[in-house]
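Derivation of every value follows stated rules applied to the coordinates shown; laboratory data play no part. Everything numeric in this text was worked out from a predicted model, so none of it was measured. Backbone-built Cβ (ideal geometry, glycine too); neighbour counts: all protein chains shown.
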Amino acid sequence: MNGPRVFRVGARPHRARFALHRAAIIRSMGRARVLHTFAGSVQQAQARWYDTTRWPAWVDGLEHVLQVDGDWPRVGSSVTWESGPAGRGRVTEQVIAYDAARGQTLEVDDASIAGLQSVSFAPVPDGVQVSLSLEYRLKKRSIVSPLVDLLFIRRAMAVSLGATVARFGVELAPD
C-alpha cells in the first residue's frame, strides 16, 4: 500500500513522556552555593572581590588573569582568565547584573560549562556575609549526565566555590 502512513494518536505515549522527561533533565542546571561571614565591611569586601589583580591569590584554579574588558565590575564588562593545567582552561566571566550595594551576576563560560555565577555581600553583626553561587549547564551531556552531575560534578563545584570564598576571607582579613 503506497498511501499516506497513519499513526494512531497515543500509540506509544511512554516514549513521548520519556523524551519530554529526558529533555527536561538535560536542560536542567546544576547548582552550588556557599555562604561565609567574615570580619570587615561590605565596602571592604567588595573592593577586594572586584580587584582582579588579586584574584590569583584566592580564586580556586585561577592561574592568571588574561584580560579585563570594559568598566569592571559594571554590566557589560568581562574578565578572561586561565586555569592551571588540571583546571578548567580558559574561563570568561561577563557581568550581566551589578548592584553597587549588593553584588554582581556573571555569565560564566568555559570548555565544559556555561552558567550564571552570583556574588552578594550583606552586612551582618559580625562583619560581612559573602554568598557565592553558581548555576551551570554541562556543555557535553548524555543520558547519564544528570546522575554524574549529582554524584560528582555538583560536589566538586561546591568544594571549588567553598575554597574560593574561604581563601577570599584570608585575603580580606586585616594585615
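Tabulated data for the structure shown
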| quantity | calculated |
| --- | --- |
| Distance between modelled label sites at residue 112 and residue 129, nm, 7 Å Cα→Cβ extension | 3.1 nm |
| Segment residue 96-residue 57, extension gain: residue separation times 0.36 nm, minus the distance between their alpha carbons | 11.6 nm |
| Stretch gain in nm, segment residue 147-residue 86, where the contour uses 0.36 nm per residue and the Cα spacing is subtracted | 19.7 nm |
| Cα centroid separation, the stretch 43-64 to the stretch 98-127 (Å) | 13 Å |
| Principal axis box of the stretch 62-175, alpha-carbon based, largest edge first, Å | 45, 32, 26 |
| Whole-number percent relative contact order across the stretch 33-172, with pairs defined as alpha carbons under 8 Å at least 6 apart | 28 percent |
| Computed E for residue 78/residue 122 - FRET, C-beta separation, R0 25 angstrom, nearest 0.05 | 0.50 |
| Net dipole in debye of the stretch 33-172 [+1 Lys, Arg Cβ; -1 Asp, Glu Cβ; about Cα centre; nearest 20] | 440 debye |
| Net length gained if the chain between residue 156 and residue 140 were fully extended (0.36 nm per residue, minus Cα distance) | 4.1 nm |
